[in-house]
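Take a look at the structure below.
The values are calculated or read from the model by the stated rules, or taken from the named source; none is laboratory data. None of these values were measured; they are calculated from a predicted model. Note that each Cβ is placed from the backbone with ideal geometry, even for glycine, and that neighbours are counted across all protein chains shown.
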Amino acid sequence: MILVLVAVAVVLPVLPGAPGALRAGGVSLLWWYAAVAAPLLATLITLGALLVRSE
Amino acid sequence: MTRRGAAHAAAWTGPALLAVLASRVAWGHVEAPLLALVMMVAPLIALLRPPVPAALHPATRLVALVTVGGVVWANVIVFADLAAMLGGARWQGAVLAAALTLLVTVRPAADRARAVVLAAGIACVVAVVAAAAVTTGRTPWAAWAEVASRPALVFAEGAADARFTRDTTLEFAEAHQVVAVGAGVFRVAEREGTRTVVREWSVRDNDVLTLRPGDRLLLPAGARVRFEAGKRIPGAPASGAQWAAGAREAARALPAGLGLAMTLLGGAVALVPSRARGGTAAVAPLVVGWAAVCCGIYAVSLAPGMVLGSGTAAALAGMPGAAPRAAAAVLALAGGAALGLLLVASAQSLRARVVEAAGASAPATWTALFALAAAGAAWPIDAWRVLSAALGLAASAWVAPWLAAGVQPGAKGWSPVALGSIAGALAFGALAAFDGRLPGGAGAAGDYPALVAAPVAWAVAITARRPSARRAGGTARSPSATSDR
């Protein structure tokens, strides 16, 4: 799952139409995704996995 | 913060990766978003997967030691760059950082304090971000949007001094008067018709060089100059929009992105201790990564010219010069403390890998690694080149063979992992030697040799596995069955 998050960031800049360059709140979607959303989601996934493992 | 959680996080959040990410964000590098993401998630993958076993074969041990040595070298380079920025000699920063870290890490009590050191380092990085936010009066996303909306990236008023930590060539897009700060010899390459003429100028303090559009200024390492405020920064993205978007031809973007991801993910799996307990190990890379991104954004917002020619530490070290006095003090002190504390915490975690690989000679090997790192950092080389080479080698010659063949108990001599390691290292070295000379999309393999070398190592290791092992699904201890450390 985390590797999929990385793969999306690898592919996003080369997609036709450059959807990553669209802005939301003044910041490009690529940056929102790569610097905020994906790392946060990956961290939550990891914390969940660690929680399950410890039970 | 548990000691194991700190060991996990600290192995990855060293000063080189922090400074490289901040500088790449500040410079608007096309790979900056992906670098930020992979930096933050690579240790999470290492956290969740089984640990990479200790290197057994001499070839794999050598790869492990070279990898750790490369990471230590990259970390020390940051301090050499800092010393050069402050007007000192590179070796002074390198020797000071290496000697202090070595002294701390050889003390048995230091391991118990690792969590505290890491927490203090992270707190200092966060303090830098907070001081920069107060100085600019903007949130990171507002600062990003403001920089992205600038019609041109120009030298700020009162923040147009730059000291060059390595030989640098600047190409000017518009007429520019450069003032020498101190004496030196500068060369200017001018176009005259179809030919280029290089003129050498011996300059004294406050001498002015007038450059025309298209001229190139060749500055030696250590040179210090003052640019014209309000003029475009040579070599920087032409506008805020270009800074925000980056630019690279599609043919190279995909393989380069894959190479970057493979390099960092493989390096993290090799170096970061796995299966730590507690949330610290998962959350610390996120906090440090966010802080590095914010530092890069604030650096270009405060003083875009500061990132020019100032080496890996530019984004962190350049901000104090553009901030008011009180904020500058916080930025300088917290930034310096953050780098130092993260260096010590990182070294404490990496030392475990050296102990595994070097055995009884670990103390001498550890000392030798720091001596070599200090000597190597005196040479003006980019920390990212060293760090990505070390992590790429680990991905190619350490992790890939292990993923293919696992650990075979009792395997002696030329085990599949050893053969894979050697093949991966050779392929990595050959591709690295061609860096910059491979055309088009293949150029990504020169930038990130792990892109090709890791699959080569994997293929060699899996081919070399005993046929009986392959038929049985592996009598070897596969990665999924490897016990925890």
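Quick look at the values:
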read-out: Region B:31-62: number of residues that are among the aliphatic types (A, V, I, L, M) and modelled with pLDDT under 85; value: 8
read-out: From the options B:Leu170, B:Leu118, B:Leu100, residue that is touching a residue at least 40 places away in the same chain (Cβ under 8 Å), within 30 Å of B:Val208 (Cα to Cα) and away from chain A (no Cβ under 14 Å); value: B:Leu170
read-out: Single residue of region B:107-156 satisfying the filter (of a type in the set (D, E, K, R) and under 22 Å from B:Ala314 (Cβ atoms)) that is surrounded by the fewest Cβ atoms within 10 Å (Cβ to Cβ); value: B:Glu146
read-out: Region B:366-393 residues that are over 25 Å from B:Leu431 (Cβ atoms), paired with ones that are among the hydroxyl-bearing types (Ser, Thr, Tyr) and modelled with pLDDT of 90 or more (beta carbon under 7 Å, 6 or more apart); value: B:Phe370/B:Thr101
read-out: Test: residue in region B:178-190 that is in contact (Cβ under 8 Å) with a residue 60 or more places away in the chain and in a loop (DSSP other than H, G, I, E, B); value: no
read-out: Test: residue in region B:261-268 that is outside any helix (DSSP H, G or I) and either at pLDDT below 90 or crowded, with 24+ Cβ neighbours inside 10 Å (or both); value: no
read-out: Residue in region B:417-425 that is touching a Lys or Arg at 6+ places or on another chain (Cβ under 6 Å), at pLDDT below 85 and part of a helix (DSSP H, G or I) present; value: no
read-out: Region A:4-17, residues that are over 15 Å from the mean Cα position of the chain (by Cα) and at the interface with another protein chain (Cβ under 8 Å from one of its Cβ atoms); value: A:Val14
read-out: Subset of region A:21-55 (residues that are of a type in the set (Gly, Ala, Ser), more than 8 Å from chain B (Cβ to nearest Cβ), under 17 Å from B:Trp144 (Cβ atoms) and part of a helix (DSSP H, G or I)); value: A:Ala37
read-out: In region B:124-148, the residues that are of a type outside the set (Val, Ile, Thr) and either within 19 Å of B:Asn75 (Cβ to Cβ) or within 14 Å of chain A (Cβ to nearest Cβ) (or both); value: B:Cys124, B:Arg138, B:Pro140, B:Trp141, B:Ala142, B:Ala143, B:Trp144, B:Ala145, B:Glu146, B:Ala148
